[in-house]
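Student: Pasting in a structure now, in structure tokens, and then I'll have a few things to ask.
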Amino acid sequence: MTASKPGSGVERRFIATRLGRIHVAMAGAGFPVLLLHQTPRSWDEYRDVLPLLGRDFRAIAMDTLGFGDSDRPTGEPSIELWAQSALALLDAVEEPRAAIVGHHTGAAIAVEIAASAPARVSALVLSACPFVDAARRAKHAGTRVIDDVETRGDGAHLAELWARRQPFYPDGNVDLLQRFMIDALRAGEMAAEGHRVVNRYRMEDRLGHIQCPTLVIAPTDDPHAHPVAPRVAGAIGGSVLHELSGGMVPLPDQMPQVFAGLVRDFVAANVAKF
């Protein structure tokens, strides 16, 4: 077990589960809040959020199977498999219920967790959640996804990947893009495949099964998620839609204080009810 940085209160460890070894970073104690990252990131997407949430909760950020330091999935990757692995992690750390927080791909996984295991989820936060229906599946079938770059011996693919992502990141914030690049390179082929997994998901069949209090965060400067946020929220009974001005694709590490505050306030207001 190692701390991520001095004074952060964040500890990292590997957890053996029935679906493979999962790497997690954790902070704090109390009611568990499980954090799920976007493709092709890792727990590092929540590096600055974890210690903030750890002041009030047992905050757990996991590397999805195939990303970060977690094992590669043994079967074909799917949102359903990733949801099962998150539940297996909660089993392994002996947490029967939790609040689930997901961003982009992580939000799709969070939807499946809440739909498939409603008794396990006390509150749900969907940040920049995609809306995947038949129209989206048809549109993206066979098309090139954003992180799909061909490896070249001169390293030009690294500049291409940087350039493809740069428009969705704050101007001048090199650190956020560097953190993205590190995670993308570690993910290898999963950097692109993770997007295809999302585009195969039958989300429209699952949103109506969500029973817990749900917050849908819509970053206004995320061109992928912001336009569909009302559809996501509208399909979940009683959900709350919150538009976050200036939020972009890397929202949790772009605005960690604001993001953590939204999660903390929503979870604290709702976990006592379930």
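Student: Scan the range 174-189 residue by residue and report those that are assigned to a helix (DSSP H, G or I) and among the acidic types (Asp, Glu).
Tutor: 175, 183, listed by residue number.
Student: Output the residues belonging to the range 91-114 that are surrounded by fewer than 21 Cβ atoms within 10 Å (Cβ to Cβ) and on the phi < 0 side of the Ramachandran plot.
Tutor: 91, 92, 93, 95, 96, 97
Student: A further question follows. If you scan the range 115-128, which residues turn out to be of a type outside the set (S, T, N, Q) and surrounded by fewer than 24 Cβ atoms within 10 Å (Cβ to Cβ)?
Tutor: Scanning the range 115-128 gives 115, 117, 118, 119, 120.
Student: Of the residues 228, 232, 216, 198, only one is within 22 Å of residue 263 (Cβ to Cβ), of a type in the set (A, V, I, L, M), in contact (Cβ under 8 Å) with a residue 60 or more places away in the chain and in a strand (DSSP E or B); which?
Tutor: Being within 22 Å of residue 263 (Cβ to Cβ), of a type in the set (A, V, I, L, M), in contact (Cβ under 8 Å) with a residue 60 or more places away in the chain and in a strand (DSSP E or B) holds for just one of 228, 232, 216, 198, which is 216.
Student: Continuing with this model, one more query. State whether the residues of the range 176-184 include one that is over 20 Å from the mean Cα position of the chain (by Cα) and open to solvent by 70 Å² or more (accessible area, probe 1.4 Å).
Tutor: no
Student: Moving on to the next point. Between a first residue in the range 76-90 that is over 14 Å from residue 203 (Cα atoms) and open to solvent by 10 Å² or more (accessible area, probe 1.4 Å) and a second residue that is of a type in the set (Ser, Thr, Tyr) and part of a helix (DSSP H, G or I), which pairs have beta carbons less than 9 Å apart while being 6 or more apart in sequence or on different chains?
Tutor: These pairs meet every condition: 84/116; 87/116.
Student: Still on this model: When the residues of the range 222-237 are filtered to those that are β-branched (Val, Ile, Thr) and surrounded by 21 or more Cβ atoms within 10 Å (Cβ to Cβ), which remaining residue is nearest to the chain's Cα centre (by Cα)?
Tutor: Applying the filter and picking the extreme gives 232.
Student: Restricting to the range 238-274, name every residue that is modelled with pLDDT of 95 or more, of a type in the set (D, E, K, R) and loosely packed, with under 14 Cβ neighbours inside 10 Å.
Tutor: Once the filter is applied, which keeps residues that are modelled with pLDDT of 95 or more, of a type in the set (D, E, K, R) and loosely packed, with under 14 Cβ neighbours inside 10 Å, the range 238-274 yields 243, 265.
Student: Starting from residues that are over 18 Å from the mean Cα position of the chain (by Cα) and in a loop (DSSP other than H, G, I, E, B), keep the ones in the range 238-274 and report whichever is farthest from residue 49 (Cα to Cα).
Tutor: Residue satisfying both the conditions and the ranking: 238.
Student: Out of curiosity, is residue 137 out of contact with any helix residue (DSSP H, G or I) (no Cβ under 8 Å at 6 or more places or on another chain) and assigned to a helix (DSSP H, G or I)?
Tutor: So residue 137 fails the test.
The values are calculated or read from the model by the stated rules, or taken from the named source; none is laboratory data. All values reported here derive from a predicted model rather than from experimental measurement. No Cβ is skipped: glycine too gets one built from the backbone with ideal geometry, and neighbour counts run over all protein chains shown. Surface accessibility is based on the protein's heavy atoms, side chains included, excluding ligands, DNA and RNA. Shrake-Rupley method; radii C 1.70, N 1.55, O 1.52, S 1.80 Å.
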